[in-house]
Every structure is written in C-alpha cells, then in structure tokens.
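Visitor: Below is a structure I'd like to ask you about.
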C-alpha cells in the first residue's frame, strides 16, 4: 500500500483516505510511514520501533563518562594489556578521588565491547597484530598461462648440513624457490650457505630460465622438468636483494616485469609461502631437521643427527621437486606437470628461451661504472688488466659498466661501448682467487692496524695469512669450518657458474706454514 502511494505522481486525497481505512491508521501515522519509506525505500523501514531504552544509549553522568574515557585511553589501551577487573579498580579509585559515582563492571564491559576491535588491538598489541587480525585480504595474484607470473622467495631450511671434509655439523642453509602461479610448477631453486643476496637471486633466475635436462642427468635423476624460459613477470617481496639495481637492470635487459608486493601484505605471496611450507614439511623427515619450532623439536638433537652435505641436500631437493610435480595438486585437481602443459598451450606467444646463459648470469650481477685508466681498471683497491683494454685506456672519456661476482673477485666483466662483454682478470695473474668477504675482512684487519688499504700486495698477504689460520682452526671450531666451507663453495661455484647449489672447490694439500710470520687476525663468519 505504501509503495503504491509513493509511486503515484499526484496522489489524491481519496487515495490517502482509502489507505488509512484499509490499514487502520490515522492520517498522521500514514504520513510518517510514507516519509520513512521515501528516506529508505525498503520494507524494513516500516517496522515499528522497539520500546524501552534505545540500544547504545548511556545513562551514567557526564562526569563518570569522562573518567571512564580517560581511563580507557591512558590505562586500558596500553601494551601492558590490563584486564577489565584491573580497569574497574582503577576507575573506582579515580571516581572516589573526583567525588563522582563509580560505574559497574558490566557498564565498563559494555563500553569496551562498543570500541573498534581493530583500534583496540593496535593499541594493546601493535600495528602488525591488528593488520594480521582485521586487515581485509581481498585476493591474490592469479595467472592464466605458463610463466605469466613467477613468484620467488627465500627461506632458511629446517635442517642442519655437515661439511664435506669432516662431516661435522655446520648450519642451516638458505633456499631460494621460484613457482609458476598458473601451473604450480616449481620453476627453479638455488641452495647456498650464504644469506640471501643479489647473487642468490641471479642464480635462482638463471635456474628458472635454463633447460634442466642436462642438469638432472648430471645428478643422476631420470625425470621430466620442462619449466624453462623467460617469465613475463616476477613477483617478489620488498627485501633488499629484490630491490637491487642489478635485478632491475637485468629484468629490463630481458623484458621481465618486476612486481613487488604491497608492504606488510604476506597474503599476496600466498603461492610461494604455501610451497615453502610444503617443502619444509618434507624436510622435517630428514636426519638433522630442526623442525618448525622448539615445541615440535622437543629433545631431538638436530646437530648430533645431521648427516647430509649441501650437495646431498641439493640432490634430495631435486628428487622431492620432481615427485611433487607428479603428485595431484589439491587446488588444481591434477599434477603440476599436467597443469604446466595445459598452461603452456594457453599462451598466445611461445616462451622466450635464452640464447646465452652465461651472459644472463652476468647481467644480473652487481655492477659499478669505472673509467679505464692507462694501467687498467681499479675496483675494491685491486687492479685488473687485459690487452683488450688498450684501445680504451686513457682515450675513453666515459666510464664502462663493470660487473663482478662477489664469490670470486679474480675476474670482472666489462661491457664495451658496442655492448660486448669482456672478462678481465687480475693484472697480476699470480694472484689466487678471493671472495669479496675475504677482501673485506682483510681490509678491516689492515685498518685496525693502521696500514694502507690501497696496498694490493698487503691485502693478498693478509688474506693468505687469514686462510692459514682458518685451515688450522677448521678441525677445532664450528665457526672456522663454516668459514672454510663457504669460501671453498663460493670460489668453486663462481668458477663453474653452478645455478643450483654452491659447488665444492678442490682442496689443495696443506703446506707447512711458518707461524712466526703469520699475523694474528680475528676469525669471523663471511657474510
């Protein structure tokens, strides 16, 4: 009846009289209903109002409300998180001192329940707790075709590895994983003892791009892993290594879009986070596992049960990944391997394949711009020379792009004005390969002794002395074993450019050392 009256352009008096008669209402009540319906044209707007005190109304004196508001702000909404009982005692004391009536416990509880829970959680537990509990999570990245979007992230593996020489426990290694969102196929991985860095990201991307048949055959694994090629976009979090200039430049070089998650929104990386959880669940069955937390580990001695080297763990991971590809995926309903072939078929353009894997690695390495001097290129206080530099030495007025591998400073890569890359080695070819970590420790030791930081000969003598100390301490201390293992693997991996796990370097026979000529330097972990 009301809806029909409102819809009339010019209702007549007889229409209102007939409505009043049929509804049994007075004319003023009918007008009230019509006004309410016009403001909110839904049927529920015509419901009669409930009697009694309106919900949310307050009957305490204004003075008491002011005391409650002050106590809630200054006492209850704090990181100490006092209880309602403690708040009630505090307010009763304040009311007594002010000479006003104190509220009941239930009145306080009603006012707390009426507060914004997100604001209350932020005040009592912090911003992160409030975001995790109340921030909306509208969705996550999706992709239709293979390699539309690849997510990459790092994790510290829940297992302790041993060194190759003594097979004694070292540390938990780092794993960099990449997953194709459309098919849930693992696109590549990289395993290392070093903390995540620009090099970790570069080697993980190289493994994503490269064909994996030869690499699997080298590990003695007979399985299919067809994921290879350049992804259209890589989805990353906001870690320092994912914001590096080297990664940005390499992505621009190969036409890869970099997508960074919104800050403090882990649900946008849900695919890679779930994959990491799946892989760690399998790792927990290995000897030497640390499990996910102390409660799960209990009295289990992870270090005492550790048996696998980094190379053995890398092969185990490759086997586990190929098994994962063949198992039915809970969300897709089919194995990732089958989903990959379907996702590839949906692509409009075929996947772009690399033509120079070595060049790909160089393009993602950290780099600096350096002028070519008459005596070569100077970097980190070290001098590099090759005859190819002769045509630019002292003649080129602009710096050239120089890329370097922190795992091996014995060689840098210079990009010529025409775009050609040239490997340039130490000017003194007798110099042994060194890592950037060793170089930094040597310069720190020299600085502490007040010696010159530009004396190349002194830098290498210091590094040799530190290596001798590490070799002597390796059999005795865990920190020294970690340092030696990281150094050998870094130099070996840089020489072979291994994309998955740091390769071991050949360990030379120990030579007698004249300890009277060796200065004492602190042994530190290389990072």
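Visitor: Kindly evaluate residue 282 against the criterion of being without any contact (Cβ under 8 Å) to a residue 60 or more places away in the chain, in a helix (DSSP H, G or I) and touching a helix residue (DSSP H, G or I) at 6+ places or on another chain (Cβ under 8 Å).
Guide: yes
Visitor: Something else now. Given the condition modelled with pLDDT under 80 and crowded, with 19+ Cβ neighbours inside 10 Å, answer yes or no: does some residue in the range 419-430 qualify?
Guide: First, pick out the residues of the range 419-430 that are modelled with pLDDT under 80: none.
Among the residues of the range 419-430, not one is modelled with pLDDT under 80 and crowded, with 19+ Cβ neighbours inside 10 Å, which makes the answer no.
Visitor: Return the only residue of 187, 143, 178, 202 being crowded, with 16+ Cβ neighbours inside 10 Å, outside the structural domain of residue 352 (by TED's automatic domain parsing) and farther than 30 Å from residue 300 by Cβ.
Guide: 143
Visitor: Name the residue, out of 261, 249, that is over 24 Å from residue 130 (Cα atoms) and within 22 Å of the chain's Cα centre (by Cα). Write out each step before concluding.
Guide: Numbers: 261 fails: over 24 Å from residue 130 (Cα atoms).
Matching residue, one of 261, 249: 249.
Visitor: If residue 79 passes every condition in (1) assigned to a loop (DSSP other than H, G, I, E, B); (2) outside the structural domain of residue 124 (by TED's automatic domain parsing) but one, which one does it miss?
Guide: (2)
Visitor: Any residue in the range 290-299 that is under 23 Å from residue 190 (Cβ atoms) and assigned to a loop (DSSP other than H, G, I, E, B)?
Guide: Yes: the range 290-299 contains one or more residues that are under 23 Å from residue 190 (Cβ atoms) and assigned to a loop (DSSP other than H, G, I, E, B).
Visitor: If you don't mind, another one. Which one of 60, 87, 94, 30 is in a loop (DSSP other than H, G, I, E, B), surrounded by 13 or more Cβ atoms within 10 Å (Cβ to Cβ) and touching a helix residue (DSSP H, G or I) at 6+ places or on another chain (Cβ under 7 Å)?
Guide: Result: 60 is the single residue among 60, 87, 94, 30 that is in a loop (DSSP other than H, G, I, E, B), surrounded by 13 or more Cβ atoms within 10 Å (Cβ to Cβ) and touching a helix residue (DSSP H, G or I) at 6+ places or on another chain (Cβ under 7 Å).
Visitor: If you don't mind, there's one more thing I want to ask. Look through 162, 150 and report the one residue that is farther than 29 Å from residue 226 by Cα, out of contact with any helix residue (DSSP H, G or I) (no Cβ under 6 Å at 6 or more places or on another chain), crowded, with 16+ Cβ neighbours inside 10 Å and modelled with pLDDT of 85 or more.
Guide: 162
Condition check ((1) within 34 Å of the chain's Cα centre (by Cα); (2) not assigned by TED's automatic domain parsing to the domain that holds residue 488) across all residues:
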site: 380; (1), (2): yes, yes
site: 384; (1), (2): no, yes
site: 394; (1), (2): no, yes
site: 400; (1), (2): yes, yes
site: 405; (1), (2): yes, yes
site: 444; (1), (2): yes, no
site: 449; (1), (2): no, no
site: 456; (1), (2): no, no
site: 471; (1), (2): no, no
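Visitor: Which one is surrounded by the most Cβ atoms within 10 Å (Cβ to Cβ), of the residues in the range 356-402 that are out of contact with any strand residue (DSSP E or B) (no Cβ under 8 Å at 6 or more places or on another chain) and touching a residue at least 60 places away in the same chain (Cβ under 8 Å)? Walk me through how you get there before you give the answer.
Guide: The first filter runs over the range 356-402 and keeps only residues out of contact with any strand residue (DSSP E or B) (no Cβ under 8 Å at 6 or more places or on another chain), leaving 356-358, 360-361, 364, 373-374, 381, 387, 390-391, 395-398.
Now drop any that are not touching a residue at least 60 places away in the same chain (Cβ under 8 Å), which leaves 357-358, 360-361, 364, 381.
Details: 357: 15, 358: 13, 360: 20, 361: 22, 364: 25, 381: 16.
Here the residue is 364.
Visitor: I'd like to check something: does the range 261-270 contain any residue that is touching a helix residue (DSSP H, G or I) at 6+ places or on another chain (Cβ under 7 Å), surrounded by fewer than 16 Cβ atoms within 10 Å (Cβ to Cβ) and assigned to a helix (DSSP H, G or I)?
Guide: Initial filter on the range 261-270 (touching a helix residue (DSSP H, G or I) at 6+ places or on another chain (Cβ under 7 Å)): 261-262, 264, 266.
With the extra rule that they be surrounded by fewer than 16 Cβ atoms within 10 Å (Cβ to Cβ), the set shrinks to 262, 264, 266.
Checking the rest, the ones that are also assigned to a helix (DSSP H, G or I) come to 266.
Within the range 261-270, one or more residues are touching a helix residue (DSSP H, G or I) at 6+ places or on another chain (Cβ under 7 Å), surrounded by fewer than 16 Cβ atoms within 10 Å (Cβ to Cβ) and assigned to a helix (DSSP H, G or I).
Visitor: So residue 42 passes all but one of these: (1) over 30 Å from residue 109 (Cα atoms); (2) in contact (Cβ under 8 Å) with a residue 24 or more places away in the chain. Which condition number does it fail?
Guide: In the conditions (1) over 30 Å from residue 109 (Cα atoms); (2) in contact (Cβ under 8 Å) with a residue 24 or more places away in the chain, residue 42 misses (2) alone.
Visitor: Scan 246, 304 and give me the residue that is closer than 30 Å to residue 369 by Cβ and part of a helix (DSSP H, G or I).
Guide: Result: 246 is the single residue among 246, 304 that is closer than 30 Å to residue 369 by Cβ and part of a helix (DSSP H, G or I).
Visitor: I'm checking my understanding of the structure. Among residues of the range 341-355 that are out of contact with any strand residue (DSSP E or B) (no Cβ under 9 Å at 6 or more places or on another chain) and not in a helix (DSSP H, G or I), which one is surrounded by the fewest Cβ atoms within 10 Å (Cβ to Cβ)?
Guide: That would be 348.
The values are calculated or read from the model by the stated rules, or taken from the named source; none is laboratory data. From a predicted model like this one, the values you see are computed outputs, not experimental measurements. Positions of Cβ are backbone-derived with ideal geometry, glycine not excepted, and every protein chain shown enters the neighbour counts.
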